[in-house]
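Quick notes on the structure that follows.
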Amino acid sequence: MADQEHIEIDTLLDMPAPGRSRTGRAAALARLLHQDCTYLLELYRERESLLSDHTPAGDRIVSLSLSSPDLSSDEQVQLLHSALRKCLGLLECLILREEEEMGELEGEYETVRKGVRDRLGHLLHSTKVLLETEEDVTPDHQCNEEVDGVVGTFGAKMWTYRVLLELIHWANSASQTLHVLHSEREGREEI
Amino acid sequence: MPSLFFCILLLGLRVTESQASGLAPPQQVRLDADKETQTLSVTWEDGHASTFDVEILRTELMEMVLNETVGVTEDQSTGKHQWNWTSPVPLECTSLSVKVRSRDGQDVSEWSSQQILPGLDLPDNTDSQMYPEGKTVPVGSNMTFCCIVEEGQQFGSLWYKDTLVKENMLSRRTYATTMTNQGPSNPSGTNVVCSNEKKMIIAGAVVFVGYPPLPSDLVCETHDLTSVDCQWSKGRDTYLFGMTRQTYYTLNGRNCPKARNSNMRCGLEQWDGNWTLVARNLLGEFRLTDAAELGHRVRPVAPVNLTTPEVYSWNASVGWLWKDKGFERLSLICQVQRTSHLNSSTQTYTGYGLNTVVLKDLQPDEKYSVKVRCGSQKNFWKWGEWSLPLSFQTKMDRSVAPDIWLWMDSDNLGRVLWKPLTKSESHGQISGYEVILWSPEENSQQTLTLPQSVYSLPINVTDLGSKVTVTVTARNPAGVSLPANVVIPRYLPDAEDTAISKVAFNGSGFPLSWVAHANASCGYVVDWYNTSCTQDCNVEWTRVAADNTNTMVQSGNFFAGVRYTFSLYACSSESTVLLERWHGYMQELVPSRTVLRLSPNQEGADVQLTWDQIPLEHQRGFILGYTVYLTNASHLTLLANITDPQLTNHTVRNLVLGSYKFTVKAYTAAGEDGGATVSISLEPYTYWLIMEILVALGTMTCLLIVITIACYRKRKWVKKAFYPEIPEPKLPGDWGITQGTLDVKPSPHSMVHIVEDSVWDSSKEALVTVPEEDEEGTGDEAADTDEPASLRYYNQVVEEGSSSQRRPHASDSSASSTGSMDSGHTDVTYTGIQTSACSLAPMAHFQPQPDASQCVGGGGYRPQMQSASCPEEPQTGPEEHLQPPVGSFGGYQPQCSWKQDSPEADGDGLDQTCLGSPTSVTSSQFLLPYDTSEEGKEHPSSASTWFHNLLTGKP
């Protein structure tokens, strides 16, 4: 299923398209990413035997606010792009730590995890195109235990849990923001 | 207050006690904690005692953890005592208070000052925590986990994996749980989670539960005669993953970084002869050793660069190279595996530095794939790796001689058959066949060339004499094959000369055996075909060596329910002779159809059933017989089981009248067919009754004829007995033909009265005899009817009614009577007189139908017309006419009145009494009763007339 979706995404990205449909495709990509992140968290809870009503304590890892009324859509996308870069950095760090801790496994969790990483990279490329600037698409996170506040094995798991929640949050934000942008640009085109 | 007092008292007692023993309490007690191993080290100084009491309490709740007397010797170098204790509870969980005192038997010193090991649940450490964290323990171990709740929060619950576990309070903020006999963890470890009352995770720990490594089967060998390659089995799964916890291997002290997952191997550059493998993880290590000489552990690498320097039809050579020169100086044993479309085989070769072999027994024009592997011939250890395969194709050669056979349809017509050559027989692509028919007697030869797709040839040997030999050769690019010869066998259809046996299929084929034949120099041939086939049959055959007298006939073309004919021929260069013949079924089935033309035939109370046999192709098995059933609705009652299959009729006997339904079924070893049914309804024996009646009638007829003949021959006697001769009256003079009454003197016994019935019916045109009225009336003479009667005969037709109408009749009548008149005799012998006019009715049918005028005069001879009233009384019904006249004589028709023949009598003739002189009439007529009924009138039949005529000799 993941391979099939990859083909769909690749096809979407490779298609030449006018400006107004780029936002639509980016919004669709964000929706798919949100679904993948949700599924990844479900797999993680299952693997770690964590009950769904047990939530980790702690603040948000990526603290950017898109809800400010002063921000234009383009500025919101700019912020979104930055947040997604941080999310990608966190995910890369997460993968690195888990492989150190458990070795290179090949279960479904690992497959979905890789899919989320790839899709998140695609979404970064999409938002960069939408911004029409030379934005960086590399991960924006230094994998540092002290910075992350990871203490011990269980601390790393809680950090992973929080990263997965962060991914869900920002994928959802991207989906909504890009949908709004898409709606605005479509309206502008029609006018 | 009382308790305080009690404590002071106790303290006073102890002080008194220690002072009394003289033992000094331990000094400078110090606690050192190894939290990783949960070990508490207690040291103190005191140089005199070797036994101490140690007491450990949880500081906050003052719960006793340990109170034990231990023996601790003084370290001479430091002068200190050290005692180690491993806590089951992580040392971080809560503070512990430790104190020690010296003991010497029953004497004890005072307790040392209490030393406290602070836990992490002190108020200045406000965060939530859980211990131990990230520990790796063996499967089955017990562990205690503690959760220190954040200051100000409330403890909620403890979870081990997804299981809620029961907690134990160690201090105000610390709760602990103990897990026993832990099972293996998953790769990310087992989580122990502590949550607050809001189910939020406030702390947690991970424990990795697994096994120490346990590898096995270390084996080291060389592939290149220089280096070492060691392999081993991973053994039991450790359940420990990741860079920290995975198993690491070293071989002779060198790391084996490639030994991961299932690839358990490690190499060294040089051959050491002894190897030690150490497997290590956090839970322990395991060692394996191996030792061997290099020559005993040679497993060569795969040969490279395989080539085929020489390739022929039946053999080829294969060469290869060694990457390592050392193998060129080693005695090697090599296997060469060759694979063709036919099979795969492996041959073994040996040699010093072996690098070339010759492959024999190859098939011409065949593609082969070969690969090679080798080992050390001396101290063989293991086969090396297979080389990459090499493909080549052998050259073509002449094909083998075709397998030919002949199948004769008749004496002179038949087919030459040969089997297609297989790939292994053709030795190349067959381009065609050549068939030669030659006769040494006629010295003639016919040659035919056929394409490669033809495998049979119709032949006609009419002009080639009695001994004809057929030769077939096959041609391919390499040349012409050796010839295959066969002498045409004599045509012998079934049921001629050769007895036919039955042969049963035994699961794999038809086993045939026979007596050896002297003239079978080139063996035997068994051919077979579908017995019911009549034209262009599929014939198969097999050849049997001359020294064999049995074979198993096998074919993929045998079908159940089909009869096959197997023929055994003895084959020689001179002739082909049919020896024996069999019939057999691969599997017998029930007949596919019923008997033909089943018909019943009633024979009195028996019914004979006849039928025709089932056609061969529908028999589907050897017909063993027939069963005859009486069918009643769906119920069959067995009447007969006919075990002779040639018998095709059966008689069911002694049946009563009624309808019957019979079913006849043929049966084979597999069972009965569906059955043919026929119905018959048994009729009464009508024909037999008719026959019996006819026989009876015939018998009666014969009897009558005999009687008649007898009577005829003895008629005189009969006449004399029954009708004695009446003397003929003697009349003087001639009887003129004058009109007048002819008087005949009646017999004294009877009189014949020629009566004209009052009503003349066409059917009553007859003479009637009646007894003499007067005779009866007077009674002068006995009424002896046997006596001849005098008849009064009017030699003239009575005039009745209009004369014009009667005239023709009168003339007829006169004509009729003319004879007698012409004869001039009055002596009339009248034998045709009937007893009643009505009695002539049957005769009327044989006469022309009278018209109305004839009613009066009547046809033919009507002398005794009683009355001419018919015209006058047309309204009178027939019954009245049939009634006897008034004054009849007791049922007899008396000749009551004689009519005058004279015309004068015309007017009142009817009323007149019988007049005239009677004449003597010889009458043979019996006087019969006058039957008033209709039947009675008809019964007097012509039989009496016939009888009378018989007696009188008239025809």
Legend entry - Reachable lysines, given that their alpha-carbon falls under 28 Å from the alpha-carbon of B:K467 and they are not under 8 places away in the same chain: B:K419
Inset, instruction - Evaluate the charge dipole of region B:596-684 about its Cα centre and quote only its size in Debye, nearest 20, assuming +1 on the Cβ of each Lys and Arg and -1 on the Cβ of each Asp and Glu. - result: 140 debye
Inset, instruction - Report, to two decimal places, the Cα Rg of region B:216-296 normalised by 2.2 N^0.38 Å (N = number of residues). - result: 1.10
Inset, instruction - Anything in chain A that counts as a DSSP H helix reaching 20 Å or more along its axis (C-alpha) with Kyte-Doolittle mean of at least -1.0? List them, would you? - result: A:19-48, A:73-102, A:108-131, A:152-190
Legend entry - Low-density loop positions, trypsin sites (Lys or Arg not before Pro), region B:86-185 - DSSP coil, at most 10 other Cβ in 10 Å: B:K166
Legend entry - Debye-sum result for chain A in log10 I(q)/I(0), which assumes one identical scatterer on each alpha carbon, at q = 0.13, 0.17 Å⁻¹: -0.69, -1.12
Legend entry - Lys/Arg +1, Asp/Glu -1 at C-beta; region B:397-491 dipole; positive extreme among B:T462, B:I436, B:Y491: B:I436
Legend entry - Semi-axes of the equivalent ellipsoid for region B:129-210, Cα gyration tensor, largest first, Å: 22, 12, 10
Inset, instruction - Report the local net charge at B:T339: Lys and Arg +1, Asp and Glu -1, summed over other residues whose C-beta lies under 10 Å from its C-beta. - result: +3
Inset, instruction - Just rank B:W611, B:W717, B:W271, fewest to most, by other beta-carbon atoms within 10 angstrom. - result: B:W717, B:W271, B:W611
Legend entry - chain A, dipole about Cα centre (Lys/Arg Cβ +1, Asp/Glu Cβ -1), debye to the nearest 20: 460 debye
Legend entry - Alpha-carbon centroid distance for the pair region B:641-665 / region B:592-618, whole angstrom: 9 Å
Legend entry - nm² value of the averaged projected area, convex hull over the Cα atoms of region B:375-485: 11.4 nm²
Legend entry - Cα shape, region B:80-228, gyration tensor, a/c 1.5 rule: oblate
Inset, instruction - Taking the Cβ of B:F286 as the centre, find all other residues whose Cβ is under 12 Å away and add up their charges (Lys, Arg: +1; Asp, Glu: -1). - result: +3
Legend entry - Extent along principal axes [Cα atoms of region B:304-393; Å; largest to smallest]: 38, 22, 19
Legend entry - Cα centroid of region B:32-95 to Cα centroid of region B:521-552, whole Å: 104 Å
Inset, instruction - State which entries of B:K258/B:K378; B:K135/B:K199; B:K502/B:K661; B:K325/B:K371; B:K135/B:K234 exceed 27 angstrom in Cα-Cα distance in the structure shown. - result: B:K258/B:K378; B:K502/B:K661
Legend entry - Fewest-first sequence of A:M102, B:M396, B:M552 by Cβ atoms within 10 Å of each Cβ: B:M552, B:M396, A:M102
Legend entry - Farthest positive-ward along region B:304-393 dipole, Cα basis, beta-carbon charges - from B:H341, B:V304, B:Q393: B:V304
Legend entry - Residues B:T686, B:T190, B:T174 arranged by fewest to most Cβ contacts within 10 Å: B:T686, B:T190, B:T174
Inset, instruction - Would you please name the trypsin sites (Lys or Arg not before Pro) within region B:648-722 that are DSSP coil residues with at most 15 other C-beta atoms within 10 Å of their C-beta? - result: B:R653, B:K714
Inset, instruction - Could you tell me which of rounded, prolate or oblate describes region B:365-423, using a ≥ b ≥ c as the square roots of the eigenvalues of the alpha-carbon gyration tensor, with rounded for a/c under 1.5 and, failing that, prolate when a/b is larger than b/c and oblate otherwise? - result: prolate
Inset, instruction - Would you please give the residues with an amide H less than 5 Å from that of B:R236, counting only those at least 5 places away or on a separate chain, with H modeled from the backbone geometry? - result: B:L214
Inset, instruction - Could you let me know the centre-to-centre spacing of region B:475-490 and region B:678-713, using Cα atoms, in angstrom? - result: 84 Å
Inset, instruction - Sort region B:551-610 into rounded, prolate or oblate with this rule: let a ≥ b ≥ c be the square roots of the eigenvalues of the Cα gyration tensor; rounded if a/c is under 1.5, and if a/c is not under 1.5, prolate when a/b is larger than b/c, oblate otherwise. - result: oblate
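Values quoted throughout were computed directly from the atomic coordinates according to the rules given, and no laboratory measurement underlies them. Model, not experiment: these values are computed from the prediction. When we count neighbours, we look across all protein chains shown, and the Cβ atoms used for this are built from the backbone with ideal geometry, even at glycine.
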